[in-house]
Amino acid sequence: MTAQGGLRVGGLTPLTTIDFPGRLAAVVFCQGCAWRCGYCQNSTLLEAGTPAALRWDDVLAFLGNRQGLLDGVVFSGGEPTLQTHLPAAIEQVRALGFEVGLHTAGMYPARLARLLPRLDWVGLDIKAPLRTYDAVTGTTGGGAKARESLDLLLAAGVPFECRTTWHPGLFPMSALEELADELAARGVTHWTVQCCRIDGRPAVAAQPPELRRLAVRFKEFHWRA
Ligand code: SF4
């Protein structure tokens with residue numbers, strides 16, 4: 001089966017050890033995102049109509065040459081679930097024998113639900129406490145959608161981690177603590193707090209000591225500068 005017209009790909013990382021836990025993986029960066037987070041590091045990927053940097057068939061050919069060398073492929077973005085070609089692209093990657101990971105902000109829960117049976121791992125952005133979501137994402141109603149996606153993931157039993165990008169200018173530590181409480185109460189076991197980068201540098205010099213208090217609520221907690 002060919003994804004007609006193919007997935008619009010804005011970039012490719014041929015090898016990563018950190019984007020798909022426990023796997024050697026390639027990362028496919030999908031073009032387009034409906035949200036406009038002020039800290040987005042992938043601004044060239046935001047416009048859905050930007051011509052693809054790579055042809056999907058060429059990406060598939062590259063992956064075909066990596067069979068036996070890579071364990072998995074991660075679809076990242078942008079927002080991969082924006083694209084209607086994603087399900088077919090996932091099938092093609094699975095047919096090559098790769099495990100499939102997905103990075104998503106959970107903005108399309110119904111689409112995520114249809115993908116879940118074909119996914120081996122998900123990194124789900126939970127960007128903020130609910131009341132702060134619209135300000136962080138530059139859109140409306142995203143917090144409820146992200147939480148719907150979280151509930152779907154929990155119900156499906158697909159391995160996943162939640163990720164929150166943070167610095168004190170976005171929302172205060174007290175709100176981050178509130179978010180930690182909410183995620184732990186929902187049943188999230190893996191949480192990564194990623195420090196915002198400003199002009200290429202972490203906005204916070206070192207891991208804030210308060211995060212140690214939050215970390216104990218989770219089986220796995222990571223701070224990423
Ligand atoms: S959801 Fe992700 S890709 Fe979209 S604007 Fe926010 S950070 Fe960027």
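Normalising the average separation of contacting C-alpha pairs (under 8 angstrom, six or more residues apart) by the number of residues puts the relative contact order of the chain at 16 percent.
Each Lys or Arg adds one and each Asp or Glu subtracts one; over the other residues with Cβ under 11 Å from the Cβ of GLU182, this totals 0.
Of the GluC sites (Glu not before Pro) found in the range 44-140, those in coil by DSSP whose Cβ has at most 15 other Cβ atoms within 10 Å are GLU47.
Using θ = phi - 60° in the Karplus curve 6.51 cos²θ - 1.76 cosθ + 1.60, the 3J(HN,Hα) couplings for the range 98-114 round to 8, 6, 10, x, 9, 9, 8, 8, x, 7, 10, x, 5, 5, 4, 4, 6 Hz; x is entered for Gly and Pro. Inter-part distance, the range 1-56 to the range 104-121, computed on C-alpha centroids, equals 16 Å. Within the shell of other residues whose beta carbon sits under 15 angstrom from the beta carbon of GLY123, the net charge comes to -3, with Lys and Arg scored +1 and Asp and Glu -1.
Read the figures in this text as sums done on the coordinates, not as results from a lab. None of the values given here were measured: they were computed from a predicted structure. Quick reminder, even Gly has a Cβ in these numbers, built from the backbone with ideal geometry, and neighbours come from all protein chains shown.
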